Amino acid sequence: MEKNLYISSLLDVYGNFLGEKQRRLTEHYYNEDLSLSEIAENEGITRQGVRDLIKRAEAQLLEFEKKSGYCKAFSNLKDAAERVRKGENCINKLLDIIDNL
């Protein structure tokens with residue numbers, strides 16, 4: 001299972017919508033860089049159990065983003081703000097993004 005920074009970002013935004021155990025195990029894996037085996041040992045469950053919980057959490061996080069699009073909008077907002085800082089005229093783009101939040 002390849003670690004994905006995108007999932008870590010989604011976890012930061014939508015993590016509170018997951019169950020306590022799902023969130024905790026997913027945070028251990030993505031944010032603390034623990035292996036599945038390390039998490040399993042710490043939690044007293046099987047490696048496969050950890051993997052299954054994390055995979056379900058990933059699917060839920062992706063579904064939350066698919067429905068709300070908040071992370072994508074936030075990323076677009078940051079990009080547009082950076083362009084404004086560089087002197088580009090994209091105020092309308094910023095306003096469109098904000099209007100759609």
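Derivation of every value follows stated rules applied to the coordinates shown; laboratory data play no part. Keep in mind the model is a prediction, meaning the values are calculated, not measured. Counting neighbours? That spans all protein chains shown, and the Cβs are built from the backbone with ideal geometry, glycine included.
When the Karplus curve 6.51 cos²θ - 1.76 cosθ + 1.60 is applied with θ = phi - 60°, which whole-Hz ³J(HN,Hα) does each residue of the range 14-27 get, with x for Gly and Pro?
10, x, 5, 7, 7, x, 3, 5, 4, 4, 4, 5, 5, 5
In Å, the Kirkwood hydrodynamic radius of the chain over pairs of distinct alpha carbons?
Details: mean 1/r = 0.0661 Å⁻¹.
Final number for the Kirkwood radius of the chain is 15.1 Å.
For residue 66, give me every one of the lysines with a C-alpha distance below 24 angstrom, ignoring sequence neighbours fewer than eight places off in its own chain.
Once the sequence-local lysines are set aside, what remains near residue 66 is 3, 21, 55, 78, 93.
Taking only C-alpha pairs under 8 Å that are 6+ residues apart, what is the relative contact order of the chain in percent? Before the final figure, lay out the partial values.
On the way: 71 pairs, mean separation 24.1, N = 101.
24 percent.
222 nm [θ] for the chain, helices only, -39500 (n - 2.57) per DSSP H run of 4+, per residue, to 500?
Numbers: 6 runs with 76 residues, N = 101.
That comes out to -23500 deg cm²/dmol.
What does the highest-first list of 89-100, 35-46 look like by mean Cβ count within 10 Å? Numbers along the way, then the final one.
Values: 89-100: 12.3, 35-46: 14.3.
Top of the packing list down: 35-46, 89-100.
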